[in-house]
Amino acid sequence: MTAIRQRPIAWIALRDRCAKFQIDQSRRISEAFTLGNRRSYDQDPRFGLIALSEIASKALSPGINYSGTAIDVLATLVRVLSPPQGEDPSPVAKPEYARVHVAALEEDDIIEAAFMPISRDGAAILEVAIRLQKALAAIWAGCEPPLAGAARRFAAVALQRSLESLTFEPDRERLRREARASFRKPKPMLGEQNASTPDA
């Protein structure tokens, strides 16, 4: 998580109201936190998604203009966000430290971190727009409802962005068809089908 100067990251409640806080306790609590100037993938799962998405965004820049890399990144993002093939979600483990809490990641934030740069920079590229719809449909089909719903909502936004960016009407019509077909298929029960790499 991101630590902000002058914002507390830990609170202490003494079991005995008459007890005095010991300086040694402060040191032990401080040692439980690792602070640094840069995020790591272990500290912030969104950071890895952002890094992948930025690779695709750079590939779509006018100076490079290689949509194949962006399409490969979309396939990778689907694999990262999807449950393992043929496996049910792991049961929620009992917390080892019940009094340690971390703010939960919002599903919409996860999807936006992964796909917003590609949606923005590839909006006017038909093959990227189609693969983006198929990638989001794969997540919708194979993930838990909160993440699936976020993928479905973002797909609608991405579709509208591309429809407004594409200038050739046959391209717009094809994108509409592909988007409808991608989300028309029956949603399988979780564990029956893996949200694997979407086909072109």
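The values are calculated or read from the model by the stated rules, or taken from the named source; none is laboratory data. All of these numbers come straight from a predicted model, not from anything done at the bench. Here the Cβ is made from the backbone with ideal geometry for all residues, glycine too, and neighbour counts use every protein chain on show. Accessible surface is based on the protein model in full, side chains and every heavy atom, while ligands, DNA and RNA are left aside. Shrake-Rupley method; radii C 1.70, N 1.55, O 1.52, S 1.80 Å.
Sort out which residues of region 126-146 are within 13 Å of the chain's Cα centre (by Cα) and buried (at least 18 other Cβ atoms within 10 Å of the Cβ), and write them in order of number.
If the condition is that a residue be within 13 Å of the chain's Cα centre (by Cα) and buried (at least 18 other Cβ atoms within 10 Å of the Cβ), then Ala135, Leu136, Ile139, Trp140, Cys143 are the ones that fit.
Where residues in region 85-111 are within 16 Å of the chain's Cα centre (by Cα) and not charged (D, E, K, R), which of them is modelled with the lowest pLDDT? Before you say what the answer is, go through the steps one by one.
Start the filter on region 85-111 by keeping residues that are within 16 Å of the chain's Cα centre (by Cα), which leaves 103-111.
Subset that is not charged (D, E, K, R): 103-105, 110-111.
Working: Ala103: 77, Ala104: 82, Leu105: 88, Ile110: 96, Ile111: 98.
So, considering only residues that are within 16 Å of the chain's Cα centre (by Cα) and not charged (D, E, K, R), the one modelled with the lowest pLDDT is Ala103.
When you look at Ala123, is it surrounded by 11 or more Cβ atoms within 10 Å (Cβ to Cβ), in contact (Cβ under 8 Å) with a residue 12 or more places away in the chain and within 16 Å of the chain's Cα centre (by Cα), yes or no?
Numbers: surrounded by 11 or more Cβ atoms within 10 Å (Cβ to Cβ): yes; in contact (Cβ under 8 Å) with a residue 12 or more places away in the chain: yes; within 16 Å of the chain's Cα centre (by Cα): no.
So Ala123 does not fit the description; no.
Return a yes/no flag: does region 74-90 have any residue that is among the polar types (S, T, N, Q), over 19 Å from Ala156 (Cβ atoms) and open to solvent by less than 50 Å² (accessible area, probe 1.4 Å). Explain how you work it out, then say what you get.
From region 74-90, those among the polar types (S, T, N, Q) are 76, 82, 85, 90; that's our starting set.
This time we only want the ones that are over 19 Å from Ala156 (Cβ atoms), so: 76, 82, 85, 90.
This time we only want the ones that are open to solvent by less than 50 Å² (accessible area, probe 1.4 Å), so: 76, 82.
Yes.
Which of the residues belonging to region 169-187 are open to solvent by 30 Å² or more (accessible area, probe 1.4 Å) and in contact (Cβ under 8 Å) with a residue 24 or more places away in the chain?
Applying the first criterion (open to solvent by 30 Å² or more (accessible area, probe 1.4 Å)) to region 169-187 yields 169-174, 176-178, 180-181, 184-187.
Matches in region 169-187: Asp171, Arg174, Glu178, Lys185, Lys187.
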